Every structure is written in C-alpha cells, then in structure tokens.
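These notes are about the structure you will find just below.
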2 protein chains.
Amino acid sequence: MEGLTMKLLEEKIVNDGVIKSGNVLKVDSFLNHQIDVPFVAELGKELKRLFADRNITKILTIEASGIGIACVAAMYFGVPVVFAKKSSGSNMDKDVYFTQIYSYTHSKTNDVVVSKRFLSKNDHVLIIDDFLANGCALEGLIDIVRQSGGTVEGVGVAVEKGFQGGGDKLRKAGYNLHSLAIIDKMDAKTNTVVFRHEEE
Amino acid sequence: MEGLTMKLLEEKIVNDGVIKSGNVLKVDSFLNHQIDVPFVAELGKELKRLFADRNITKILTIEASGIGIACVAAMYFGVPVVFAKKSSGSNMDKDVYFTQIYSYTHSKTNDVVVSKRFLSKNDHVLIIDDFLANGCALEGLIDIVRQSGGTVEGVGVAVEKGFQGGGDKLRKAGYNLHSLAIIDKMDAKTNTVVFRHEEE
C-alpha cells in the first residue's frame, strides 16, 4: 500500500512535473497552484499511516502552498491545521511566535509568525509541507514549535529534493521525517529524475 | 441538516469569533490561521449539498485563507482546486489570466494571477472563499473565469458580512451565491452579532 502511493507520486512527478534549469521542479499542476485534491487525499492517507503511532494534536504548515496538503491530511488525522503567516511586519500582533525563513526561490528573508493562541506546550505537532529542499522552511516551523514548548512528533513532506541536503540534515538531527518522494538527481536537459528508495 | 450546519457555524462565530472596531470580525481560531478541519469538513459537505445539481469540474479560490476550505470542500466534490496567486509582478508568467483585487483590509490593490493551463472554456467552476464583505475578491475571481471562457456555476462562502453589500450585489447580478452564515449587524461594544436567515 505504502509502495503504491509512493509509486503513484513518482509517476505523477515524472509525467506532470516540469524540470527547469537551476534545479527547479514545478509540480504546480497537482501540488501547488492547482491542487489535485483526490490525488493529494492519497498522500494524506499515507501520511496518516506513516505517523499512526504518534498522538498528533495539531498539524503545522506555512502559507500558501503547504495549506492544501496539510488540510487534506488533517481530514485523516481529525485535527486542526495552523498555518504560519508571512508577516508584512506592519500589522504584527504582539502575541506571536516569530521566526525568519530564507527563501532561495525569491532570494529574500521572510518574517513568519504564528499566534500564541494556537500552539502551546500541550501540543503534539506534525509539521507538513509540500516541498523540502534546503530545509529552511521546516527549520523555521520547528523553531516556532520549540518556542511554544510543544513537541514535534514528526515532519511529513510530499516531495523532497534529496540532493539539496535539507532532509538529511533533519534526519541527522533526529527528526522523524517522512518524504513521500525523494529526488536524488534531476536533469533539465534530458528531462530525467532519479528517485531515492529507502528502507522503512 | 442544512439548518444544523448553519446553526453550528453561527454558534462558532458567536463563541469563537472576535468582533473588533471598524466592523472587523476575526474568525482566525477556526477558519483562517487556525483551520478547524473537522468542523470545516461539515461546511464542505454543506457546500456539496447546496451545489449538488451543478456539474462542477473545478473549484477556484484565492490564497491564502481560501485554500483550506476550498481543499476540504473539494474532498466532497472530487475535483481539483486552483488558487489564484497574489503576484509580485517580478516573476510573472506570461501565460496567466490577470486581474486586480482591492483589499480594504490592507488598503492596497493586489495583482492576482491564475495560469492559463489550469482553467479553460470547458471548466464549470465553483468559486469558494472563507469571507465575503465588499465582494472585490469574488469579482476578481469571476473575472478570471470569464477570461478563461469557463462557466461560473456558483459561489460558496463561509461567512458573509451582509451589511457590506458585496453579497447582495452578486445576487442581483444573477450569481448562484450561497453563504453559510450571513451577518447583518455586528457591534464591537456590546459584542453582539445579528444573523440574516433567508428562505432557500
């Protein structure tokens, strides 16, 4: 079953993903911009299976492209989603957890906030995002959970660009990370993708 | 059944919503920022019931706060979600539908885009958003569907601020609009909300 979901995602990446120069992979036809919800529901079910042994009270993600997969997955976990907001700074609530996340895509640092009302030391948090590359976004979300005193029970990702190292850094740090597809190599010229297959 | 969902939403607005001066209603504990997915699932089911007679091929919303309810509703419709993106202008794809939406909350006009790959004349579109006040966001989304040549089958909204007039303008223009709760009056001083109850 798990193998099937991963295989379906790999096929979708190969068939519908677009590789661009600079190691950019666009999956905006099914994962962000357009979200193929019936397909993403399969990913959500698989995340529930992978984290079935954890008592999750809340799913944390970051706007905008993490919200879709987080909310669909939350249907299977039966818990609320909190999404971290990129703050303009001007209308900032004082009662927020605050962190900064560098975006390589846009070459800028975003101020990111979560209201203190929605995360506490009693929370057991599953962090979900659509993409994992260098890991800056996930490290920012982990920092926010740390500030709240809550527990990071795991990190679930749809597509990891394994060759950019963010995932291995999180694994080395001891986080319970599952990526549903891991890309070890991709080549815009030949339009090929090589996936990593790990033992569970 | 329908009455029950509307009643649950009205109770949630009264119990968990926060009225602020300037006719601001914060429902960020269950609809945006934090999304109470098991609760929003009831709203999604209700939207499916209300638009059951329409052959919907796609749900259109706008980032960021529309994505959650749109994706949860899409679980019941079995269709993809497309979310319109607020564009910085710099990395704009040429192959996009483009419109401008004025935000009263932030007193600024946002450039908003949807890739032409994800909406076409064959699409029968349900537009979903978390909030309806003056209607600028929904009018922008309707404009995008018009550019694509597709059909707006309906507009589904969680919370309408009826006294701001955007909903009635859309109804008058003939759109098949359903708001799950309509607020006719609210008062920050007395912390009271008056709902509109229409015949279906």
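The values are calculated or read from the model by the stated rules, or taken from the named source; none is laboratory data. The model shown is predicted, which means the values in this text are computed figures rather than measured ones. All Cβ positions, glycine included, derive from the backbone under ideal geometry; neighbour counts span all protein chains shown. Ligands, DNA and RNA are excluded from the accessible area calculation, which covers all protein heavy atoms including side chains. Shrake-Rupley method; radii C 1.70, N 1.55, O 1.52, S 1.80 Å.
When the stretch A:9-35 is filtered for residues that are surrounded by 16 or more Cβ atoms within 10 Å (Cβ to Cβ) and in a helix (DSSP H, G or I), the ones remaining, listed by number, are A:Leu9, A:Glu10, A:Lys12, A:Ile13, A:Asp16.
I'd like to know if the stretch A:154-170 contains one or more residues that are under 24 Å from B:Gln34 (Cβ atoms) and out of contact with any strand residue (DSSP E or B) (no Cβ under 8 Å at 6 or more places or on another chain). Checked the stretch A:154-170: no residue is under 24 Å from B:Gln34 (Cβ atoms) and out of contact with any strand residue (DSSP E or B) (no Cβ under 8 Å at 6 or more places or on another chain).
Identify all residues within the stretch A:21-35 that are away from chain B (no Cβ under 12 Å) and either at positive phi or not polar (S, T, N, Q) (or both); write none if there are none. Give the derivation first.
Just the residues of the stretch A:21-35 that are away from chain B (no Cβ under 12 Å), to begin with: A:21-23, A:25, A:27.
Across the stretch A:21-35, the qualifying residues are A:Gly22, A:Asn23, A:Leu25, A:Val27.
I'd like to check something: does the stretch B:140-157 contain any residue that is open to solvent by less than 30 Å² (accessible area, probe 1.4 Å), of a type in the set (Gly, Ala, Ser), farther than 30 Å from A:Asp16 by Cα and part of a strand (DSSP E or B)? Taking every residue of the stretch B:140-157 in turn, none turns out to be open to solvent by less than 30 Å² (accessible area, probe 1.4 Å), of a type in the set (Gly, Ala, Ser), farther than 30 Å from A:Asp16 by Cα and part of a strand (DSSP E or B). Among (1) at pLDDT below 95; (2) under 12 Å from the mean Cα position of the chain (by Cα), which single condition is A:Glu63 missing? The single condition A:Glu63 does not satisfy is (1).
Scanning the stretch B:77-97 for residues that are surrounded by fewer than 18 Cβ atoms within 10 Å (Cβ to Cβ) and either at pLDDT 95 or above or closer than 22 Å to A:Glu42 by Cα (or both) yields a count of 1. Filtered by the rule that a residue be of a type outside the set (D, E, K, R) and surrounded by fewer than 16 Cβ atoms within 10 Å (Cβ to Cβ), the stretch B:41-52 gives a lone residue, B:Ala52. Of all the listed residues (B:Lys85, B:Lys108), the sole one being of a type in the set (D, E, K, R) and free of Cβ contacts under 8 Å to residues at least 24 places away in the same chain is B:Lys108.
Residues that are of a type in the set (D, E, K, R) and not in a strand (DSSP E or B) were ranked within the stretch B:93-118; the one that is farthest from the other protein chains (Cβ to nearest Cβ) is B:Lys94.
Just checking, which of B:Lys121, B:Lys185 is part of a loop (DSSP other than H, G, I, E, B), among the charged types (D, E, K, R) and open to solvent by 40 Å² or more (accessible area, probe 1.4 Å)? Reasoning before the result, please.
Working: B:Lys185 fails: part of a loop (DSSP other than H, G, I, E, B).
Criteria check complete, one pass: B:Lys121.
Restricting to the stretch B:24-58, and then to whatever is basic (Lys, Arg) and in contact with an Asp or Glu (Cβ under 6 Å, 6 or more places away or on another chain), can you tell me which residue is nearest to B:Asp184 (Cα to Cα)?
Step one: list which residues in the stretch B:24-58 are basic (Lys, Arg), which gives B:26, B:45, B:48-49, B:54, B:58.
Adding the requirement that they be in contact with an Asp or Glu (Cβ under 6 Å, 6 or more places away or on another chain) leaves B:54, B:58.
Working: B:Arg54: 28, B:Lys58: 30 Å.
Among them, the one singled out is B:Arg54.
Against the numbered list (1) farther than 17 Å from A:Val72 by Cβ; (2) within 8 Å of chain A (Cβ to nearest Cβ); (3) open to solvent by 20 Å² or more (accessible area, probe 1.4 Å), B:Pro38 comes up short only at (1).
State whether one or more residues within the stretch A:163-175 are in contact (Cβ under 8 Å) with a residue 24 or more places away in the chain, under 21 Å from A:Phe83 (Cα atoms), open to solvent by less than 20 Å² (accessible area, probe 1.4 Å) and among the hydroxyl-bearing types (Ser, Thr, Tyr). No, there is no match, as no residue in the stretch A:163-175 is in contact (Cβ under 8 Å) with a residue 24 or more places away in the chain, under 21 Å from A:Phe83 (Cα atoms), open to solvent by less than 20 Å² (accessible area, probe 1.4 Å) and among the hydroxyl-bearing types (Ser, Thr, Tyr).
Under the condition of being under 15 Å from the mean Cα position of the chain (by Cα) and small (Gly, Ala, Ser), the residues counted in the stretch A:99-152 number 5.
Being more than 12 Å from every other protein chain (Cβ to nearest Cβ) and within 13 Å of A:Gly156 (Cβ to Cβ) narrows it down to one of A:Phe77, A:Phe51, so name that one. From the options A:Phe77, A:Phe51, the qualifying one is A:Phe51. All of (1) touching an Asp or Glu at 6+ places or on another chain (Cβ under 9 Å); (2) in contact (Cβ under 8 Å) with a residue 40 or more places away in the chain; (3) not hydrophobic (A, V, I, L, M, F, W, C) hold for B:Lys20 with one exception: (1).
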